[in-house]
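Asks: The structure's right below; bear with me while I get my questions together.
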Amino acid sequence: MKYFYLILICFLFIITETNAGTPIKPFEFEISLGGTYGIDKYVGKKQVGPAFAIEGRYNFPQYPIDLGLELYGGSTARKYEGTNLSNRILSLSAYSDYNFKRGKKFSPFIGMGVGIASCKVVQGNYGNDAVKAIFTPRIGIEMFNHFRVTAYTKLGYRGYNNCGLSVGYAFGGGKRK
């Protein structure tokens, strides 16, 4: 328990000491495209699948933290018994990111999201459909206050777990004039 308090105190110290200093716009909206790759042991040979997301975020002005809500669609693709197998994930997740050097030309971030996902087999005939909780850790960089490259992992249901890489553009956000 003492380690928990030590981590909490360090985190609070970091938040108070790393204020971005650059005034930024509070709201932004991101559209991103990318690819996914299955990460769990499942049937067939893994392939790259498509991914699409839209996310709205609120940037806290005094802290390098933002909160967002993301609508995501992606597919974990495999080649199985000579045919294609595609397991689709549609999810709605709440996110929080910690932004390093927010408002600068290159601003790395790390974050995580939790939400609910609809998991469905859309091509092939192996696997089960389900609605599951989903956990998504992510890391990335925002460039020139608008372009974002994000690496993430979607975890929630066997056969649908994947890692992905996306490229997005954030409307709004950026420096306040």
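The values are calculated or read from the model by the stated rules, or taken from the named source; none is laboratory data. What you are looking at is a predicted structure, and each value in this text was computed from that prediction instead of being measured. A quick note on method: Cβ atoms are made from the backbone with ideal geometry, for glycine too, and the neighbour counts reach across all protein chains shown. The accessibility values were calculated without ligands, DNA or RNA, using every heavy atom of the protein model including side chains. Shrake-Rupley method; radii C 1.70, N 1.55, O 1.52, S 1.80 Å.
Asks: Could you state the accessible area per residue of the chain in Å², with a 1.4 Å probe and every protein chain left in place?
Replies: Values: 9980 Å² over 177 residues.
Each residue of the chain exposes 56 Å² on average to a 1.4 Å probe.
Asks: Now for a separate question. Contour minus end-to-end for Ser118 and Leu71, with contour as 0.36 nm per residue of separation and end-to-end as the Cα-Cα distance? Kindly include the intermediate steps, with their values, before the conclusion.
Replies: Working: separation 47, 0.36 × 47 = 16.92 nm, distance 1.15 nm.
Roughly 15.8 nm would be gained on extension.
Asks: Place the peptides 41-47, 154-160 in order of packing, highest mean first, counting for every residue the other Cβ atoms within 10 Å and averaging per peptide.
Replies: Details: 41-47: 14.1, 154-160: 21.3.
Descending packing order for the listed peptides: 154-160, 41-47.
Asks: Between (i) 16.7, 57; (ii) 19.4, 67; (iii) 18.0, 58, which entry matches Rg and Dmax of the Cα atoms in Å as derived from the coordinates of this structure?
Replies: Structure-derived value, by its label: (iii).
Asks: If you look for lysine pairs in the chain that are eight or more places apart or on different chains, how many of them have Cα atoms under 16 Å apart?
Replies: Eligible lysine pairs with Cα atoms under 16 Å apart amount to 18.
Asks: Applying the Karplus parametrisation 6.51 cos²θ - 1.76 cosθ + 1.60 with θ = phi - 60° to the phi angles of the range 137-152, what ³J(HN,Hα) value in whole Hz is obtained for each residue in order, glycine and proline being reported as x?
Replies: x, 8, 8, x, 9, 9, 10, 6, 6, 9, 7, 10, 10, 10, 9, 9
Asks: Let me ask something else about it. Determine the share of the chain's accessible area contributed by carbon and sulfur atoms, expressed in whole percent, with a 1.4 angstrom probe.
Replies: Details: 6810 of 9980 Å².
Taking all protein chains in place, the chain shows 68 percent carbon and sulfur surface.
Asks: Could you work out how far helix 2-17 tilts from the main Cα principal axis of the chain, as a 0 to 90 degree angle to the nearest 10?
Replies: The answer is roughly 60 degrees.
Asks: Under 18 Å from a point 7 Å along the Cα-to-Cβ line of Val167: which residues of the range 101-135 have their amide N that close?
Replies: Those under the cut-off are 106-107.
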